[in-house]
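So the structure is just underneath, and the comments pick up after that.
The values are calculated or read from the model by the stated rules, or taken from the named source; none is laboratory data. Quick caveat: nothing in here was measured; it's all calculated off a predicted structure. Cβ: placed from backbone, ideal geometry, glycine included. Neighbour counts: every protein chain shown.
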Amino acid sequence: MNLADVAINLGNNDKIMNSYYAFHKTKQNWFFSPNPHLNQAASKPTSFDKWSSWDRISGKQRMTLAVLAGFHYTAKKIKRNDQDFAKLRKAFLDWPNDLYSVFWSNDDNKKVWLCNVFVGDAIYLFNKRSFTSGNNHYYDPEQILNGKSFLHKRDGFKDVIEGDIVVIGTGHVEIVTRIEKNWVFDDGFCSVGAGRGLSPDRSGGDGTVKCDSDFGRFLPKIGGPREIEDSNNTYFYL
């Protein structure tokens, strides 16, 4: 299984993709990640069987359970009754053991776009290597573009293969899942990522594979970002 396969599987993980989108829309103050080494990552509580469990867990764990149970992340409206405890207990059972809730500041608009988190999570799932800088945050597209990460830059677009990482412009990054070879039109590619501004349930939303459009094949100079020869794209590999 290569990085492209791992990225496609990640894109199909509803728990993670939905948490990305909810974080992006500022409906909650955390997102799920499989990487326990990220800054401000909280693990699932070891147990949750009575109200004393709620009292002993951390604030981050409470906020995570509150959201999963359908409450606001502040947990202000949770009441100490059997009904609300049952919701929290179900949320605890629904929290996958291998996912961590990550609390990153989202007061800066750039930080709610989680395209780099998708790429970092995919790399971690692929080789258990943390794609992070010194502050244990994933490298952002601009850092990747400027050679700050451990990725290697492709010499040219002709060398691009599936599993490569593409930085589109200076502010977006995805993982190439397929190269489209065309007889007549310029070659294109398909890629998967997040931070697209659309719900995972929508076409073209977080976690879905997007490909070079027919429009782009007919008018490659204005046809969209997945023309492989587009000078706005920069390609990297592990």
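Conditions tested, residue by residue: (1) within 15 Å of Phe31 (Cβ to Cβ); (2) modelled with pLDDT of 95 or more; (3) part of a helix (DSSP H, G or I); (4) within 23 Å of the chain's Cα centre (by Cα).
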{"site": "Arg62", "(1), (2), (3), (4)": "no, yes, yes, yes"}
{"site": "Ala75", "(1), (2), (3), (4)": "no, no, no, no"}
{"site": "Arg80", "(1), (2), (3), (4)": "no, yes, no, no"}
{"site": "Gln83", "(1), (2), (3), (4)": "no, yes, yes, no"}
{"site": "Lys90", "(1), (2), (3), (4)": "no, yes, yes, no"}
{"site": "Phe118", "(1), (2), (3), (4)": "yes, yes, yes, yes"}
{"site": "Ala122", "(1), (2), (3), (4)": "yes, yes, yes, yes"}
Exercise for the section: Check whether at least one residue in the range 145-154 is surrounded by fewer than 12 Cβ atoms within 10 Å (Cβ to Cβ) and not assigned by TED's automatic domain parsing to the domain that holds Ser231, and report yes or no. Expected result: no
Exercise for the section: Kindly list, by first and then second residue, each pair from a residue in the range 219-238 that is within 19 Å of Lys181 (Cβ to Cβ) and among the basic types (Lys, Arg) to a residue that is at pLDDT 90 or above and surrounded by fewer than 18 Cβ atoms within 10 Å (Cβ to Cβ), limited to pairs with Cβ atoms under 8 Å and residues at least 6 apart or on different chains. Expected result: Arg226/Cys211
Completion exercise
Restricting the range 164-199 to residues that are crowded, with 20+ Cβ neighbours inside 10 Å and in a loop (DSSP other than H, G, I, E, B), the one nearest to the chain's Cα centre (by Cα) turns out to be Ala194
Problem - Selection within the range 1-25 - in a loop (DSSP other than H, G, I, E, B) and at pLDDT 95 or above - result: Asn2, Asn12, Asn13
Handout entry: Residue within the range 207-223 that is at pLDDT 95 or above and out of contact with any helix residue (DSSP H, G or I) (no Cβ under 6 Å at 6 or more places or on another chain) present
Key = yes
Handout entry: So Asp14, is it within 26 Å of Ser133 (Cα to Cα) and among the acidic types (Asp, Glu)
Key = no
Exercise for the section: For the range 26-41, state whether one or more residues are under 26 Å from Arg196 (Cβ atoms), at pLDDT below 95, out of contact with any Leu (no Cβ under 6 Å at 6 or more places or on another chain) and loosely packed, with under 14 Cβ neighbours inside 10 Å. Expected result: yes
Problem - Where a residue in the range 44-56 is farther than 17 Å from Leu99 by Cβ and its partner, wherever it lies, is of a type in the set (Ser, Thr, Tyr) and not in a helix (DSSP H, G or I), with Cβ under 7 Å and at least six apart - result: Ser53/Ser47
Practice task
Give the residues of the range 124-142 that are under 17 Å from Asp206 (Cβ atoms) and not assigned by TED's automatic domain parsing to the domain that holds Gly205, sorted by residue number.
Solution key: Leu125
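Looking only at residues that are in contact with a strand residue (DSSP E or B) (Cβ under 9 Å, 6 or more places away or on another chain) and not in a loop (DSSP other than H, G, I, E, B) in the range 134-144, which one is surrounded by the fewest Cβ atoms within 10 Å (Cβ to Cβ)?
Only one residue tops the list, namely Glu142.
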Exercise for the section: Identify, from the list Leu68, Leu93, Leu125, the residue that is among the hydrophobic types (A, V, I, L, M, F, W, C) and exposed (fewer than 14 other Cβ atoms within 10 Å of the Cβ). Expected result: Leu93
